[in-house]
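Asks: Sharing a structure below in structure tokens format, with a few things to ask.
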């Protein structure tokens with residue numbers, strides 16, 4: 001095994017989605033037993049079916065990561081089947097149209113409830129699983145947490161106020177938790193994040209593709225003009241960084257936020 005992860009148990013939240021679905025599938029290829037957790041049990045089951053077809057071991061678990069009761073129940077189910085948890089990937093999150101400014105929705109008119117729910121989706125979705133699984137790590141004195149942040153959390157994106165704020169909070173939490181776990185429980189408990197760049201997924205398609213014509217929006221053109229590699233990323237391009245951070249190859253890496261963005265965060269625009 002390239003990353004020496006064989007035999008470990010991973011919980012992947014948002015595992016029914018594009019990015020974390022790829023991470024879950026590739027963890028299974030490395031010999032990891034994977035719990036694919038998602039609000040949509042059907043999406044989780046589809047990912048598990050694909051993993052099983054590739055001879056991997058996985059289970060689908062329905063989980064609302066913004067509910068402590070739901071997460072606790074999900075982790076109890078995972079431990080009952082796999083015995084423990086060694087790796088936690090916090091990948092649930094996303095943008096929402098109701099807290100993204102547009103000609104139809106000014107910032108002044110965004111409902112506070114829309115902002116609160118979107119920030120929770122991108123922040124509490126990592127905090128709560130880290131509380132539940134982190135207790136297991138503290139008892140074992142080992143474990144790895146990997147948060148899926150965004151370049152929007154490093155530098156906020158125009159229009160996407162709720163998403164940008166939620167991911168910024170997630171990055172701050174990543175750094176805080178890395179220090180907290182190392183200082184209070186064990187230096188062998190590591191916490192890091194990946195900040196993916198622009199990818200064309202279901203959650204942002206409304207911003208990047210004109211739903212009537214199917215052509216690139218003006219925003220999409222601006223994005224690609226500021227990505228030195230000149231293209232969107234693909235979910236599978238997140239996998240290498242994820243496996244590295246989850247493995248002992250990154251044993252001295254904690255509190256780090258690794259951009260995987262085609263050079264976007266390195267580019268000043270000129």
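All of the numbers you see were taken from the coordinates with simple rules; none came from a lab. Remember, predicted model here, so these are calculated numbers, not experimental data. In this analysis, Cβ positions are derived from the backbone assuming ideal geometry, glycine residues included, and neighbour counts consider all displayed protein chains.
Asks: Most fluctuating residue of 113, 104, 175 in a GNM of the chain with Cα springs under 10 Å: which is it?
Replies: With Cα springs under 10 Å in the chain, the top fluctuation among 113, 104, 175 is at 104.
Asks: Once each part is reduced to its C-alpha centroid, what is the distance from the range 226-270 to the range 113-187 in angstrom?
Replies: The range 226-270 and the range 113-187 have Cα centres separated by 17 Å.
Asks: Compute the length gained on full extension between residue 158 and residue 213: take 0.36 nm times their separation in residues and subtract their Cα-Cα distance, giving the result in nm to one decimal.
Replies: 17.5 nm
Asks: What distance in nm separates the simple spin-label points at residue 231 and residue 111, each placed 7 Å from Cα in the Cβ direction?
Replies: That separation, rounded to one decimal, is 4.0 nm.
Asks: Would you mind ranking 117, 95 so that the residue whose beta carbon has the fewest other beta carbons within 10 Å leads the list?
Replies: 117, 95
Asks: Most exposed first by the Cβ proxy, i.e. fewest other Cβ within 10 Å, how do 123, 264 rank?
Replies: 264, 123
Asks: Can I ask one more? I need the Debye-formula profile for the chain: one equal scatterer per C-alpha, no solvent, reported as log10 I(q)/I(0) at q = 0.07, 0.11, 0.14, 0.17 1/Å, two decimals.
Replies: Debye output, listed in q order: -0.24, -0.59, -0.96, -1.37.
Asks: Here's something else I'd like to know. At R0 = 45 Å, how high is the FRET efficiency between residue 251 and residue 97 if r is their beta carbon distance? Nearest 0.05 is fine.
Replies: 0.60
Asks: Separate question: Any chance you could give the angle, 0 to 90 degrees and rounded to 10, that helix 68-82 forms with the longest Cα principal axis of the chain?
Replies: Between helix and principal axis, roughly 50 degrees.
Asks: Over all distinct Cα pairs, what is the inverse of the mean 1/r for the range 154-212, reported as the Kirkwood hydrodynamic radius in Å?
Replies: 13.8 Å
Asks: Taking the chain as a Gaussian network, Cα atoms linked when under 10 Å apart, which of 126, 35, 250 shows the biggest mean-square fluctuation?
Replies: 250
Asks: Evaluate 2.2 N^0.38 Å with N set to the residue count of the range 115-184, then give the Cα radius of gyration divided by it.
Replies: For the range 115-184, the normalised Cα radius of gyration is 1.18.
Asks: Stretch residue 41-residue 73 to full length: gain in nm at 0.36 nm per residue minus the Cα-Cα span?
Replies: Here the answer is 10.1 nm.
Asks: Rounded to the nearest 10 degrees, what's the angle between the helix 112-122 long axis and the longest principal axis of the chain, both from Cα atoms, 0 to 90?
Replies: 40 degrees
Asks: Measuring from label point to label point, each 7 Å out along Cα→Cβ, what is the residue 140 to residue 183 span in nm?
Replies: Roughly 2.5 nm, to one decimal.
Asks: A follow-up question, please. Where does helix 161-184 land angle-wise versus the long Cα axis of the chain, in degrees 0 to 90, nearest 10?
Replies: The answer is roughly 30 degrees.
Asks: Next up: Quick one: among 209, 260, 119, which has the greatest mean-square fluctuation in a GNM of the chain with alpha-carbon springs under 10 angstrom?
Replies: Fluctuation is largest for 209.
Asks: With an 8 Å Cα cut-off and a minimum separation of 6 or more residues, compute the relative contact order for the chain in percent.
Replies: Over the chain, the number comes to 18 percent.
Asks: Continuing with the same structure: Label the range 48-202 by shape, choosing from rounded, prolate and oblate, from the square roots a ≥ b ≥ c of the eigenvalues of the Cα gyration tensor; if a/c is under 1.5 it is rounded, and otherwise prolate applies when a/b is larger than b/c, oblate when it is not.
Replies: Prolate is the answer for the range 48-202, as a/c is 1.5 or above and a/b outweighs b/c.
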